[in-house]
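Enquirer: Have a look at this one before I ask anything.
Each reported figure results from applying straightforward, stated rules to the coordinates on display, with no laboratory input. Keep in mind that what you see is a predicted model, and the values were worked out from it rather than measured. Here Cβ is always computed from backbone atoms with ideal geometry, including for glycine, and neighbour counts include all displayed protein chains.
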Amino acid sequence: MGQIQLNQVTKSFGDVEVIPPLDLTIHDGEFTVFVGPSGCGKSTLLRLIAGLEDITTGHIEIDGKDATALVPAKRGLAMVFQSYALYPHMSVRKNIAFPLRMAKMPQSEIDARVENAASVLNLKDYLDRRPGQLSGGQRQRVAIGRAIVREPAAFLFDEPLSNLDAALRVGMRMEISELHKKLETTMIYVTHDQVEAMTMADKIVVLQAGVIEQVGSPLELYRSPRNTFVAGFIGSPKMNLITGPEAAKHDADTIGIRPEHIDVVESGGTWEGTVGVAEHLGSDTFFHIHNTGLGETITVRAIGDVSLKHGDTIHLTPRADEIHRFDAQGLRIA
Amino acid sequence: MATKASRSAARLMMAPAVILLLGWMLVPLIMTLWFSFRTYLPLRGGDQGWTGFDNYVRFVTSSAFWPAVLTTLTIVLSVLIITVALGVLLALLLDKPMWGQGIVRILVIAPFFVMPTVSALVWKNMFMDPVNGLFAHLWRFFGAEPVSWLSDAAMPAIIMIVSWQWLPFATLILLTAIQSLDSEQLEAAEMDGAPTLKRFYHIILPHLSRAITIVILIQTIFLLAVFAEIFVTTGGAFGTRTLSYLIFQRVLESQNIGLGSAGGVYAIILANIVAIFLMRIVGKNLDN
């Protein structure tokens with residue numbers, strides 16, 4: 001069980017309101033990702049759910065029970081911190097056992113649970129080491145181990161992968177996703193990396209300045225972003241947002257077209273420009289195109305290695321049915 | 001610092017400091033050893049030649065020796081316990097955000113800037129004077145008979161004065177250690193269900209162990225040689241004669257430099273025994 005419901009939750013630090021009234025429901029077993037630029041309040045929101053910060057007004061319900069005034073330990077949630085927050089003077093075994101010892105569980109039960117967590121997370125060989133003797137990925141796993149032994153109602157992850165190098169991050173991403181499939185426990189995951197959000201989430205919550213911009217599955221957000229912020233934030237490289245006369249042709253204030261939805265043609269395309277930087281990834285090539293007369297640098301993805309160089313003229317045709325239209329407030333026009 | 005040339009250059013440049021330091025330590029040490037084997041009575045015939053181990057035997061067999069060792073160890077131990085315990089509490093308090101934090105911190109550190117002689121005199125005359133001292137007034141306010149601290153409770157009085165002087169040092173070191181504790185660790189422990197006292201015991205105290213070790217080691221070195229506080233208050237009377245005070249009396253009051261030097265060598269041995277003992281107990285905290 002692990003349904004979490006926020007009703008009209010707000011948070012202010014002094015006079016500064018970082019989270020205006022906010023409603024959100026996280027269903028049991030869901031992998032929910034809070035994503036947004038730094039300073040958007042996503043970590044604060046997670047800490048409010050954890051109970052590490054008091055909410056200013058509103059209510060938090062966990063499994064249908066009001067948890068607004070409960071201390072963190074009583075909420076039945078486990079958290080994995082950005083710095084892992086392992087206890088440096090304890091062995092891995094003691095680190096993982098700490099929450100169980102605090103709960104005054106019998107020693108035999110503690111041992112069984114620690115062994116179990118260690119085998120799930122491939123930590124068996126490291127149980128008697130100190131955190132200082134482990135690599136970043138192993139520390140991460142210990143932190144997760146400390147969370148899973150408690151068998152919490154939900155896991156909270158606060159940017160857990162941001163201290164790992166790129167290769168390890170991809171690996172840990174998979175491991176956390178696998179873990180979620182195995183445990184089927186509610187997980188809330190905070191990140192500023194939209195790739196992590198897209199690859200892991202059942203449900204993405206896009207936040208900006210404490211306000212939820214859109215909630216939906218990764219593909220919903222990709223296919224129909226509710227506004228220009230979500231459109232620009234989700235997807236890599238970013239969606240091209242074009243204003244001015246070109247947008248007016250489509251009866252919109254802003255139009256958006258993703259780099260992968262623009263075709264490079266030999267001649268006679270809708271748009272024409274000069275190639276700036278070309279990023280050759282082998283499988284795809286990203287061109288940054290200037291002087292299109294659209295007022296913005298346009299990013300285009302071409303499949304494979306297209307042999308256009310810096311300064312070449314390029315002809316482009318956007319796919320008409322993939323153009324997103326937004327009004328003056330930046331909201332999507334259906 | 002890898003090439004041969006740079007390494008020998010480094011050695012050459014460190015040489016003056018090393019030689020100066022060695023001379024600084026070795027000359028007095030060798031002179032102490034030298035005098036400890038001689039009969040040297042400056043006012044009664046001066047240097048009268050070798051006596052072998054006579055001075056050493058006389059110093060230990062004197063009835064004042066073992067009480068002096070005991071007094072020294074009592075003062076060191078009591079002051080260590082008081083300063084570390086109160087230091088941890090004060091550091092925890094000062095770590096909390098509060099109004100006027102900067103001023104409070106300076107005030108807490110202030111006693112460390114007062115010279116030992118001055119602070120001992122202030123304590124003696126302003127607080128512990130049995131007629132006009134603040135304590136005497138306080139005692140009388142509650143209808144009690146004022147305590148003549150420096151004669152009736154001389155050891156507690158000395159321990160109090162010395163602790164007051166060294167508390168800022170302990171607080172300062174422990175405060176910086178507490179400030180270096182990752183707050184996420186405390187939050188993690190809170191999420192793991194550890195209430196305040198358990199968080200202190202399982203997270204904060206282990207984090208402080210290294211700082212406490214350093215406080216204990218440094219303070220022990222200085223506390224073994226406490227002198228001014230005793231000199232200006234009790235003058236070594238009422239059971240407050242430490243080993244260093246006994247040596248002072250032998251050299252200056254009895255005018256026996258040979259005997260005093262032998263005492264100095266004993267003091268070195270005692271300090272080393274204490275140091276080894278401490279290293280065994282707490283030094284392993286410094287390893288990892």
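Enquirer: Report, in cubic angstrom per residue, the convex hull volume of the C-alpha atoms of the protein assembly as shown.
Expert: Enclosed volume per residue, from the Cα hull, is 272 Å³.
Enquirer: Moving on. Which whole-angstrom value gives the distance between the alpha carbon centres of the stretch B:22-76 and the stretch B:214-288?
Expert: Cα centroid to Cα centroid, the span is 13 Å.
Enquirer: Give me the percent of DSSP beta bridges within chain A that run antiparallel, rounded to the nearest 5.
Expert: So the antiparallel bridges in chain A amount to around 70 percent.
Enquirer: Summing -39500 (n - 2.57) over the DSSP H runs of n ≥ 4 in chain B and dividing by its residue number, what mean residue ellipticity at 222 nm do you reach, to the nearest 500 deg cm²/dmol?
Expert: For chain B, the value works out to -22000 deg cm²/dmol.
Enquirer: Okay, next question. Per-residue ellipticity at 222 nm for chain A, helices alone: DSSP H runs ≥ 4 residues times -39500 (n - 2.57), over residue total, nearest 500 deg cm²/dmol?
Expert: -7500 deg cm²/dmol
Enquirer: Do the alpha carbons of any pairs in A:LYS74/A:LYS104; A:LYS74/A:LYS124; A:LYS11/A:LYS42; A:LYS181/A:LYS203; A:LYS94/A:LYS124 sit beyond 19 Å of each other, and which pairs?
Expert: A:LYS74/A:LYS124
Enquirer: Quick check: pseudo-label points 7 Å beyond the Cα along Cα→Cβ at B:ASN132 and A:ALA328, how many nm apart are they?
Expert: Modelled inter-label distance: 8.6 nm.
Enquirer: Something else about it: Over the residues of the stretch A:7-166, compute the C-alpha Rg and express it relative to 2.2 N^0.38 Å.
Expert: 1.12
Enquirer: Let me ask something else about it. With +1 on the Cβ of every Lys and Arg and -1 on the Cβ of every Asp and Glu, and nothing else charged, how large is the dipole of chain B about its Cα centre, in debye rounded to the nearest 20?
Expert: Taking the Cα centre of chain B as origin, the dipole is about 740 debye.
Enquirer: Moving on to the next point. Distance between the C-alpha centers of the stretch A:256-334 and the stretch B:90-124? Whole Å please.
Expert: The two parts, judged by their Cα centres, are 67 Å apart.
Enquirer: Classify the stretch B:130-288 as rounded, prolate or oblate from the Cα gyration tensor: take a ≥ b ≥ c as the square roots of its eigenvalues, call it rounded if a/c is under 1.5, otherwise prolate when a/b beats b/c and oblate if not.
Expert: Because a/c hits 1.5 or more and a/b fails to exceed b/c, the stretch B:130-288 counts as oblate.
Enquirer: Once label points are set 7 Å from the Cα along Cα→Cβ at both B:SER180 and B:LEU217, what is their separation, rounded to one decimal in nm?
Expert: 1.3 nm
Enquirer: Can you tally the net charge around B:LYS124? Count Lys and Arg as +1, Asp and Glu as -1, for every other residue whose Cβ sits under 15 Å from the Cβ of B:LYS124.
Expert: Cβ neighbours under 15 Å give a net charge of -3.
Enquirer: For each of B:LYS4, A:LYS11, count neighbouring Cβ atoms within 10 Å of the residue's Cβ, then give the residues from fewest to most.
Expert: Taking fewest neighbouring Cβ atoms as first place, the list is B:LYS4, A:LYS11.
Enquirer: For the pair A:ASN122/A:SER177, report the inter-label distance in nm, with labels modelled 7 Å from Cα in the Cβ direction.
Expert: Label at A:ASN122, label at A:SER177, 1.6 nm between them.
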